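Nothing in this text is a laboratory measurement; each read-out follows from the coordinates by a stated rule. Since we're looking at a predicted model, the values are computed, not measured. Here Cβ is always computed from backbone atoms with ideal geometry, including for glycine, and neighbour counts include all displayed protein chains.
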Amino acid sequence: MHKPYFSALLLFLTAIVATAQAPKKPTASEIYHDLQKLNFVGSALYIAAHPDDENTRLISYLVNDVHAHTAYLSITRGDGGQNLIGPELRELLGVIRTQELMEARKIDGGQQYFTRANDFGYSKNPEETFEFWTKNEVLGDVVLAIRKFKPDIIINRFDHRSPGSTHGHHTASAMLSMDAFDQVDDASKYPKSAEEFGTWQPHRLFFNTSWWFYGSREKFEKADKKNLVSVETGNYFPALGLSNGEIAALSRSMHKSQGFGSTGARGTETEYLELLKGSKPPDNNLFEGIDTAWTRLEGGNKIGEILNPLESNFNFNDPSAMLPQLLKAYPLVLDLKDEHWRNIKMKQLKQLILDCGGIFIEAVSEKNSVNPNQNFAVNIEAINRGKNEVILKSIKNPQGKILWNSAENLSFNAIKKIETTVTSESKIPPYSSPYWLNETGSLGMYVSPEKFIGLPETPALEQLVFELQFENITIPFTKNIIYKSNDPVKGEVYRPLEILPEVTASIPEKVWIFANEEAKTIPVIVRAGKDNISGKVSIEHPNGWKVEPAQQTFEIERTGETKIFNFIVTPPPTQNEGYLKTRIVADGKNFDKELVTIDYEHIPYQSVLIPSEAKIAKIDIHKKGQNIGYINGAGDAIPESLRQIGYSVSTIDPSTISKSSLSKFDAIVIGIRAYNTVPELAFAQPSLNKYVENGGTLIVQYNTSNSLVTENLGPYALKLSRDRVTDEFSEVKILAPDHPIMNSPNKISSKDFDGWVQERGLYFPDEWAKEFTPILGMNDKGEAQTKGSLLVAKYGKGHYIYTGLSFFRELPAGVSGAYRLFANMLSLGK
């Protein structure tokens, strides 16, 4: 019995690092584990606000220990956070975190859902959150998810009774869950989803509490736990070769954009759940009193009589031995009157039939992308590696068009290869891009077609249906058409087949700052999405701006090839801002999208279509100094932004810092969270202080107080806090109006804080040495004024500046006032 477990462990670990689209090829032990899930007729829904909020230990416990049908409903896609693995922010970061959640669920075994709520950034309380989220719509999405998933139990990650004690999104997620629990059984509430999926009433609603919510472990030990249910989540699963804690850590480690790599835990672990609604289970069994056997379903008795004995009699050496019984159960599952459970169990059963039968079927496109209404070649591979007779009867497209119907027997271990041509028929949406980005939403809400609300991603647009005959039973199996290639290092690499436009265009730099009336040459990159494409490209622009030429003609021969077309853009004489938007006319159609690709090894390759545009701003700006040194932190685009206004920016390797290496710079800027992520700064700080003492200007951007590589962030003491101002519209008071940083070379006024995005700033210091001068005061509604957003100190001949203002968001967004203030910071002392 040990060999299958060891093999399962190897496969499990290998699958985690393999290309995300590779097909699952389970071991006998994993097949047994899937059989256990097939025989459990119960479900659980976990609800929280963001990617990473979910308790992967509890989700893994529900899936792999209880064997419940389990899902995580994340209210948002995490669009408002930071990115530790690359430059993507906002919508593109949301795409990354969506895929990270889906990869996490592949590991712990759960499913993933979302609402239309946009993570607009940190929120201090739910009242502020619901000013941006349309509460009625988000609540409707939660009600829809519950009616669709039909969970027996719901578990909240956060406490609905503690507004203001944590992220406002967190509390809001729990409040939405509480409201939804009371409304899902009322057909008059959100009648559309009630009509489509029926009403539903979960049995219980829990809050997944812990010592953290009590303030300390000591307080939690003393707390009254009579309303808490405790479950053991540290069990070891021989069939998987892993403990629950190890699976949970592997799952959580998929949140790589947030730096949440986790070490696996072994041994006893206890999770606590507070009952909020419903009846408390007497024996710490979350499903106590809920029928989770086949007997729950009308017609399920006969199914249980067939499938339940397979667990106790499972043959690890030959899982195909149970294929006849699975086939016997198939028509009974197909006849279940409960449509919800019929769909779930049919999907599980069909996968087991393939796995036990040793059947592998795959459809691979010869191209990685095609256009709507395009014919493309597909290579099909089918093989029967089991002992049972199987006939491949036909291959169809989802609309029923027959592509192949020779009805050939799949001989044991003899590969069957078929070549066919598929037409990518017009669909809505027409492209494979994330569906929630197809239309422009609001700051707090995405726009989604009704049929897609809640889905984690756009469903595969190209599929094939394989009809396999086992004895006298014919079963259809739907497979996504994929693309794969061979990499000399990685070997077989899988990618999704994507439907993309015939042509796209992009303006590489997303913000163009004009500090004077001089024209700039702005390139437009036109990319062919098909062979032999020709047309015209032009740029729409705001009134007062001039673009020459008005349009240009292009011809491109090969798919994927690009050509650059330069346009001369001249700003108006006065301060002005707006957007340049590319327009292409080709093949009798208009195209206005840019193609962005996201390619990280831990998630599937992604193509994202976004509006092809760039912000332009004519700014009344002056600057002093020229050569800027930049020490990279956790990732931002500030160096590129500074180059836009004429600075020469060089990257500094902190491991090579010396007195002589810094003297050539007029100012040095340290990137966001550098003191959290760059260990070398602990040793470089004395040299940086000396640089300031000798007359330099050093600007340190925000860091978090946790995991600092050194407490000495500068020549004088300052203490970081969690103070932040999340309202980007909040009033900013100038506390030191006569300070040079507010007056030279640009006169800064309250108008320079108009148009800021997402927030004012974060992680401000709340204590500092007397040498610092606080420059700005600001606060969120109902809170005391904070003064730590911008601190300046004279040290020797130079100046040290610490700022928690969110320049890393404002400069890439082209906020004029942020550029003017940053130029003053760089110019200080010049």
Check your understanding: By its C-alpha gyration tensor, with a ≥ b ≥ c as the square roots of the eigenvalues, how is the range 306-351 shaped: rounded for a/c under 1.5, else prolate for a/b larger than b/c, else oblate?
Key -> prolate
Exercise for review: Mind jotting down a quarter of the surface of the convex hull over the alpha carbons of the range 327-409, in square nanometres, one decimal?
Suggested key: 7.4 nm²
Revision key, fill the gap. Reduced to Cα centres, the span from the range 601-635 to the range 163-181 in Å works out to 34 Å
Exercise for review: Work out, step by step, the length gained on full extension between Glu731 and Asp182: first 0.36 nm times the residue separation, then minus their alpha carbon distance; give nm to one decimal.
Suggested key: 193.7 nm
Study note, to complete from the structure: Where a ≥ b ≥ c are root eigenvalues of the Cα gyration tensor, a/c under 1.5 meaning rounded, otherwise prolate if a/b exceeds b/c and oblate otherwise, the range 503-618 counts as oblate
Point to revise | Reach of Lys623 by Cα under 13 Å, taken over aspartates and glutamates that are not fewer than 8 positions away in the same chain | key: Asp666
Check your understanding: Ranked highest first by average number of other Cβ atoms within 10 Å, how do 714-721, 392-399, 493-500 line up?
Key -> 493-500, 714-721, 392-399
Check your understanding: On a 0 to 90 degree scale, rounded to 10, what angle separates helix 339-357 from the longest Cα axis of the chain?
Key -> 80 degrees
Revision key, fill the gap. Number of Lys pairs in the range 42-292 closer than 20 Å at Cα, excluding neighbours under 8 places apart unless interchain, is 16
Practice item. List, in the order given, every pair from Lys618/Lys797; Lys25/Lys393; Lys367/Lys581; Lys396/Lys416 whose Cα-Cα distance in the structure shown is over 27 Å. Key: Lys618/Lys797; Lys367/Lys581
Review point. In whole Å, how far is the Cα centre of the range 461-520 from that of the range 302-373?
Key: 27 Å
Review point. How much length is gained on full extension from Glu767 to Asn313, taking 0.36 nm per residue of separation minus their Cα-Cα distance?
Key: 156.7 nm
Practice item. Please list, or write none, the lysines whose alpha carbon is within less than 20 Å of the alpha carbon of Lys719, excluding same-chain residues fewer than 8 places away. Key: Lys770, Lys787, Lys794
Revision key, fill the gap. Once both label points are put 7 Å beyond Cα along the C-beta direction, the Thr521-Arg643 separation in nm becomes 1.5 nm
**Study point:** Spacing of the two label points (7 Å from each Cα toward its C-beta) at Arg266 and Glu366, in nm
**Key:** 5.2 nm
Exercise for review: Would you mind ranking Phe452, Phe753, Phe764 so that the residue whose beta carbon has the fewest other beta carbons within 10 Å leads the list?
Suggested key: Phe452, Phe753, Phe764
Check your understanding: For the peptides 344-357, 93-106, what is the packing order when you average, over each peptide's residues, the other Cβ atoms within 10 Å and list the highest mean first?
Key -> 93-106, 344-357
Revision key, fill the gap. Bounding extents of the range 391-470 in its principal axis frame from Cα atoms, largest first in Å, are 57, 23, 18
Practice item. Quickly rank 219-232, 697-710, 662-675, 473-486 as a protection proxy: mean count of other C-beta atoms within 10 Å, highest first. Key: 662-675, 697-710, 473-486, 219-232
Practice item. Quick one: which residues, 5+ away or cross-chain, put their amide H under 5 Å from the amide H of Ile645? H built at 1.01 Å from N. Key: none
Point to revise | trypsin sites (Lys or Arg not before Pro) within the range 149-202: DSSP coil, no more than 15 neighbouring Cβ in 10 Å | key: Arg161
